[in-house]
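K.L.:
The structure that follows is given in the form of C-alpha cells.
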C-alpha cells in the first residue's frame, strides 16, 4: 500500500514536471511569435509613414498588435539577416537592454561627416541583436533607412577594444560613418565594426 502511494506521488510529480516544461515551451514560442510579429508591424508602419508628408507618431494597430512609439530609422544587415528598428535617441526604449541603442555621441546620417554609433548585446538572449556582427568582414554592406533616404555603408574596419564602460572609437572626420559596438562573449573585450557611406538615395 505504501509502495503504491509512493508510485502515485512520483507519477503526479513527473506529470507536473511535464506540464510545467510544456507550458514554458508554449510560452516562449508564443512570446517569440508575438515579438516577431510586432517587429514586422512596426517596420511596416515605419515605411508607410515615410510615404506621408505629415508624419504622426500614431499608435500601431496592425493585425491587433499595438505599440505606442514608432521607429525613426531601420538598420538592415543582409549578411546576418538582421532588420531592426531604432528609436529616437531621447526615448526610454533607446536602451541597450531593450533595443539596439543609438549612443548619445552619435550624429544622424543626414548630418555632414556624421557618425551614427549603435550598440547592442551579443549572446543568446532575445535582445542580443548584435550576436552575429563578428561575422562581418570588409566590403560587407549595411543599410540605414532614415528620413526617406537609404544610406548604404560598406564595412572598412573591425577591431577590438577593452571593455571599460567607455568606447574609444577611431574617428574619420572626412566621411559619413556607421559604427557598431558589442561585447565579445566570455572576454573583457568589445568588438567595433566601422563602415563608411558609399551611397545614399531616396526609397
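K.L.:
Taking residue 162 as the residue in question, decide whether it is outside the structural domain of residue 52 (by TED's automatic domain parsing) and under 20 Å from residue 35 (Cβ atoms).
P.N.:
Values: outside the structural domain of residue 52 (by TED's automatic domain parsing): yes; under 20 Å from residue 35 (Cβ atoms): no.
Criteria not met by residue 162.
K.L.:
Considering only the range 102-122, how many residues are surrounded by 14 or more Cβ atoms within 10 Å (Cβ to Cβ) and over 18 Å from residue 153 (Cβ atoms)?
P.N.:
The number of residues fulfilling the criteria is 2.
K.L.:
Something else: Against the definition (modelled with pLDDT of 95 or more and closer than 21 Å to residue 194 by Cα), how does residue 128 come out, yes or no?
P.N.:
Numbers: modelled with pLDDT of 95 or more: no; closer than 21 Å to residue 194 by Cα: yes.
When the stated conditions are applied, residue 128 does not pass them.
K.L.:
A further question follows. Hey, does the range 86-94 have a residue that's within 15 Å of residue 153 (Cβ to Cβ) and not assigned by TED's automatic domain parsing to the domain that holds residue 39? Working first, answer last.
P.N.:
Narrowing the range 86-94 to residues within 15 Å of residue 153 (Cβ to Cβ): 86.
This time we only want the ones that are not assigned by TED's automatic domain parsing to the domain that holds residue 39, so: 86.
Yes, the range 86-94 has at least one match.
K.L.:
Anything in the range 165-188 that is in contact with a strand residue (DSSP E or B) (Cβ under 7 Å, 6 or more places away or on another chain), under 19 Å from residue 100 (Cα atoms) and at pLDDT 85 or above? List them, or say none.
P.N.:
177, 178, 179, 180, 181, 182, 183, 184
K.L.:
If you go through the range 81-95 one residue at a time, how many are farther than 17 Å from residue 40 by Cα and exposed (fewer than 12 other Cβ atoms within 10 Å of the Cβ)?
P.N.:
Count: 2.
K.L.:
So for the range 27-40 (the condition being under 20 Å from residue 146 (Cβ atoms), modelled with pLDDT under 90 and not assigned by TED's automatic domain parsing to the domain that holds residue 122), does at least one residue qualify?
P.N.:
So the first thing to find is which residues in the range 27-40 are under 20 Å from residue 146 (Cβ atoms), and the list is 39-40.
From what's left, modelled with pLDDT under 90: 39-40.
Retained after the next criterion (residues that are not assigned by TED's automatic domain parsing to the domain that holds residue 122): 39-40.
Checked the range 27-40: at least one residue is under 20 Å from residue 146 (Cβ atoms), modelled with pLDDT under 90 and not assigned by TED's automatic domain parsing to the domain that holds residue 122.
K.L.:
From 100, 80, grab the single residue that is touching a helix residue (DSSP H, G or I) at 6+ places or on another chain (Cβ under 7 Å) and modelled with pLDDT of 95 or more. Before the answer, list the steps.
P.N.:
Values: 100 fails: touching a helix residue (DSSP H, G or I) at 6+ places or on another chain (Cβ under 7 Å).
After applying the criteria, what remains is 80.
K.L.:
Turning to a different aspect of this structure: If you check residue 176 against the conditions, is it farther than 21 Å from residue 79 by Cα, buried (at least 21 other Cβ atoms within 10 Å of the Cβ), in the same structural domain as residue 98 (by TED's automatic domain parsing) and out of contact with any helix residue (DSSP H, G or I) (no Cβ under 8 Å at 6 or more places or on another chain)?
P.N.:
Numbers: farther than 21 Å from residue 79 by Cα: yes; buried (at least 21 other Cβ atoms within 10 Å of the Cβ): yes; in the same structural domain as residue 98 (by TED's automatic domain parsing): yes; out of contact with any helix residue (DSSP H, G or I) (no Cβ under 8 Å at 6 or more places or on another chain): yes.
Taking the combined requirement at face value, the residue satisfies it.
K.L.:
What's the number of the condition residue 138 fails, among (1) exposed (fewer than 13 other Cβ atoms within 10 Å of the Cβ); (2) farther than 21 Å from residue 43 by Cα; (3) under 18 Å from the mean Cα position of the chain (by Cα)?
P.N.:
The number of the failed condition is (3).
K.L.:
If you take the residues of the range 49-67 that are more than 21 Å from residue 107 (Cα to Cα) and in contact with a strand residue (DSSP E or B) (Cβ under 8 Å, 6 or more places away or on another chain), which of them is modelled with the lowest pLDDT? Write out each step before concluding.
P.N.:
In the first step, residues of the range 49-67 are kept if they are more than 21 Å from residue 107 (Cα to Cα); the result is 49, 51-67.
From what's left, in contact with a strand residue (DSSP E or B) (Cβ under 8 Å, 6 or more places away or on another chain): 59-60, 66-67.
Values: 59: 52, 60: 49, 66: 52, 67: 56.
The qualifying residue modelled with the lowest pLDDT is 60.
K.L.:
Quick check, is residue 144 assigned to a strand (DSSP E or B), touching a helix residue (DSSP H, G or I) at 6+ places or on another chain (Cβ under 7 Å) and surrounded by 14 or more Cβ atoms within 10 Å (Cβ to Cβ)? Walk me through it before giving the result.
P.N.:
Values: assigned to a strand (DSSP E or B): yes; touching a helix residue (DSSP H, G or I) at 6+ places or on another chain (Cβ under 7 Å): no; surrounded by 14 or more Cβ atoms within 10 Å (Cβ to Cβ): yes.
So residue 144 does not fit the description; no.
The values are calculated or read from the model by the stated rules, or taken from the named source; none is laboratory data. Just so it is clear, the model here is predicted, and its values are computed rather than measured. As a convention, Cβ positions derive from the backbone with ideal geometry for all residues, glycine included, and neighbour counts pool all protein chains shown.
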